[in-house]
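Participant: Structure below; questions to follow.
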Amino acid sequence: EIFSLLVSRNRSEDEESAGGKDIKRTAAQAFSGGVPKRRSSSRSIKRKKFDDELVESSLAKSSSRVKGAPLMEPARCSGSEPSSTEKKKVSKSSTTLAPPLTMMVTPPPITKRVKKSKQPLQITKDLGRWKPTDDLLLINAVLQTTDLTSVHLGVKFSCRFTLREIQERWYALLYDPVISKLAWQAMRQLHPEAIAAIQSKALFSQAEEALLSKISSNSQPKLEVFQDLLNKHPGIFYPSRTPKSLMVHWQLLKQYYLLEDQSVQPLPKGDQVLNFSDAEQLVDEAKLKDSRDEVLEHELMISDRHQKREIRQLEQELPRWQVLVDSITGMNSPDFDNQTLAALRGRMVRYLMRSREITLGRATKDKQIDVDLSLEGPAWKISRKQGIIKLKNNGDFFIANEGRRPIYIDGRPVLSGNKWKLNNNSVVEIASLRFVFLINQELISLIKAEAAKMTQQ
């Protein structure tokens, strides 16, 4: 009996040692199966796998399934309570399994690298809209006015920026080292002519406008006055200011009644006088309906068709009219008699000038003139006394405009109260009536010779 008891104790110890070895094996398998040799992502891979990769991935999946099965075996055997030695061994194996599991749970540092790589992309995207010329304009305008609102209203950038965008850009240039460095490098690469053009557009400061407003509005200052201002106050005016730019800005101040000796007239009390902008604000745009008039569109289409047809006909007749004009305005001078100084030849009538001074215009019952232009064509736009043609002692002809409408000499307008010299074959156009001025060269040469003899005597 004692021998049988010893044998049974040895068998139970052997079984306990065998059970401990099995637990160690299962823990080792769990540790080897819990930490996979190859880390794979749950996202789908876009590229196609090769044959060897397909075989390797399938083998890895099958091995992970086989290795993961023993993890559930201790839970299945939970029906019988383990001994104290088994509990210690299991607790030891669980403590050894904890570190690799925590290492697997901790997120990898890939996301931080992705965030760092996205940051310069946002900077370059922000720099793409703001050009170096815009940055230089912004800096010059802020230094002149120290007010971002006036910069937003007065500076014309390459894009239409809002006030918030201008504020954000200015703060970025001041406090963001990356953006300020990139903007500074881009501005350094600008051409000197581009920099000079940007500096010429700089806004006027309050000190500059205060000096300009001291010039009286009744005076008519010349460029020398503004040059003296620049010489007297070199520290106040911007370096790129010129007398011409100061004169233009002073004219703007005068136009808007901003000079010191000017005052804006107050509005009349009582019934308020509406200007155009006030009336425009009162108009309700919703009530304005774009009514489509089909009859009007049809008439406009027909008239447009007729006009195009007439233009084609005139283009076809242009060579024939060119021949007629060349025959009339040719270089061959007409036959002049000894009393005709010059001739004004039109399409229908030829007027002869036989005195040193003749008047041009439209004859009426009350007033008679030398050259009645109504004989040539429609003269309802011509004044009664349109102009005067005079011959001077030196043999030169001059025409003086005394009417309301301009007279065109060889395409150049002569306004009312001005005069212009007439040469041989000069084209004179008065209210859509064209004439050619022809001079009797032989008679004029004799007059010039007599005038030269008189001056010598």
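The values are calculated or read from the model by the stated rules, or taken from the named source; none is laboratory data. Quantities reported herein were computed from a predicted structural model and do not represent experimental measurements. So basically every Cβ, Gly included, is an ideal-geometry build from the backbone, and we count neighbours across all protein chains shown. Ligands, DNA and RNA are stripped out before the accessible areas are found, and what is left, the full protein with its side chains, is counted by its heavy atoms. Shrake-Rupley method; radii C 1.70, N 1.55, O 1.52, S 1.80 Å.
Participant: Could you give every pair whose Cβ atoms fall below 6 Å, whose first residue belongs to the range 343-369 and is basic (K, R), and whose second residue is in a loop (DSSP other than H, G, I, E, B) and open to solvent by less than 30 Å² (accessible area, probe 1.4 Å), counting only separations of at least 6 or pairs across chains?
Facilitator: Within 6 Å, the pairs are R354/T340; R362/A379; R362/I382.
Participant: Shifting gears a bit: Which number in (1) touching a helix residue (DSSP H, G or I) at 6+ places or on another chain (Cβ under 7 Å); (2) without any contact (Cβ under 8 Å) to a residue 40 or more places away in the chain; (3) within 19 Å of V248 (Cβ to Cβ); (4) not basic (K, R) marks the one condition that S213 misses?
Facilitator: (2)
Participant: Follow-up question, since we're still on this one. So how many residues does the range 394-421 have that are of a type outside the set (G, A, S) and touching a residue at least 40 places away in the same chain (Cβ under 8 Å)?
Facilitator: To start, the set of residues in the range 394-421 that are of a type outside the set (G, A, S) comprises 394, 396-399, 401-402, 404-410, 412-415, 418-421.
Subsequent filtering for residues that are touching a residue at least 40 places away in the same chain (Cβ under 8 Å) retains 394, 397.
So the answer is 2.
Participant: Could you tell me which numbered condition H233 fails, if it satisfies all but one of (1) touching a Pro at 6+ places or on another chain (Cβ under 7 Å); (2) open to solvent by less than 70 Å² (accessible area, probe 1.4 Å)?
Facilitator: (1)
Participant: Turning to a different aspect of this structure: Report, ordered by the first and then the second residue, all pairs with beta carbons closer than 6 Å, sequence separation of six or more or different chains, a first member in the range 157-174 that is among the small types (G, A, S), and a second member that is at pLDDT below 95.
Facilitator: S158/K131; S158/D134; A172/I179
Participant: So if I check each of Q386, Q441, Q456, Q368, which one is within 19 Å of V349 (Cα to Cα) and out of contact with any strand residue (DSSP E or B) (no Cβ under 9 Å at 6 or more places or on another chain)? If you could, list the steps in order and put the result at the bottom.
Facilitator: Numbers: Q386 fails: out of contact with any strand residue (DSSP E or B) (no Cβ under 9 Å at 6 or more places or on another chain); Q441 fails: within 19 Å of V349 (Cα to Cα); Q456 fails: within 19 Å of V349 (Cα to Cα).
The conditions single out Q368.
Participant: Can you spot a residue in the range 302-314 that is more than 40 Å from the chain's Cα centre (by Cα), open to solvent by 100 Å² or more (accessible area, probe 1.4 Å) and at pLDDT below 85?
Facilitator: no
Every residue, every condition in (1) in contact with a Ser or Thr (Cβ under 7 Å, 6 or more places away or on another chain); (2) at pLDDT 75 or above; (3) outside any strand (DSSP E or B); (4) not acidic (D, E), yes or no:
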| position | (1), (2), (3), (4) |
| --- | --- |
| L318 | no, yes, yes, yes |
| M331 | no, no, yes, yes |
| Q339 | no, yes, yes, yes |
| A343 | no, yes, no, yes |
| K365 | no, yes, yes, yes |
| I369 | yes, yes, yes, yes |
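Participant: Sort out which residues of the range 373-399 are open to solvent by 30 Å² or more (accessible area, probe 1.4 Å) and either among the aromatic types (F, W, Y) or farther than 21 Å from F336 by Cα (or both), and write them in order of number. Can you show your working first?
Facilitator: Filtering the range 373-399 for residues open to solvent by 30 Å² or more (accessible area, probe 1.4 Å) gives 374-375, 378, 380-381, 384-385, 390, 392-394, 396, 398.
S374, L375, P378, W380, K381, R384, K385, F398, listed by residue number.
Participant: Among the residues of the range 431-446, is there at least one that is touching an Asp or Glu at 6+ places or on another chain (Cβ under 7 Å) and either surrounded by 14 or more Cβ atoms within 10 Å (Cβ to Cβ) or at pLDDT 85 or above (or both)?
Facilitator: If we filter the range 431-446 for residues that are touching an Asp or Glu at 6+ places or on another chain (Cβ under 7 Å), which is where we start, we get 433.
Now drop any that are not either surrounded by 14 or more Cβ atoms within 10 Å (Cβ to Cβ) or at pLDDT 85 or above (or both), which leaves 433.
So far as the range 431-446 goes, yes, one or more of its residues are touching an Asp or Glu at 6+ places or on another chain (Cβ under 7 Å) and either surrounded by 14 or more Cβ atoms within 10 Å (Cβ to Cβ) or at pLDDT 85 or above (or both).
Participant: Only one of these conditions is not met by V428: (1) at pLDDT 90 or above; (2) part of a loop (DSSP other than H, G, I, E, B). Which number is it?
Facilitator: (2)
Participant: Counting just the residues of the range 165-192 that are of a type in the set (D, E, K, R) and under 19 Å from the mean Cα position of the chain (by Cα), which one comes out most open to solvent (accessible area, probe 1.4 Å)? Steps first, answer last, please.
Facilitator: From the range 165-192, those of a type in the set (D, E, K, R) are 165, 168-169, 176, 181, 188; that's our starting set.
Remaining after also requiring under 19 Å from the mean Cα position of the chain (by Cα): 165, 169.
Details: E165: 54, R169: 5 Å².
The residue in question is E165.
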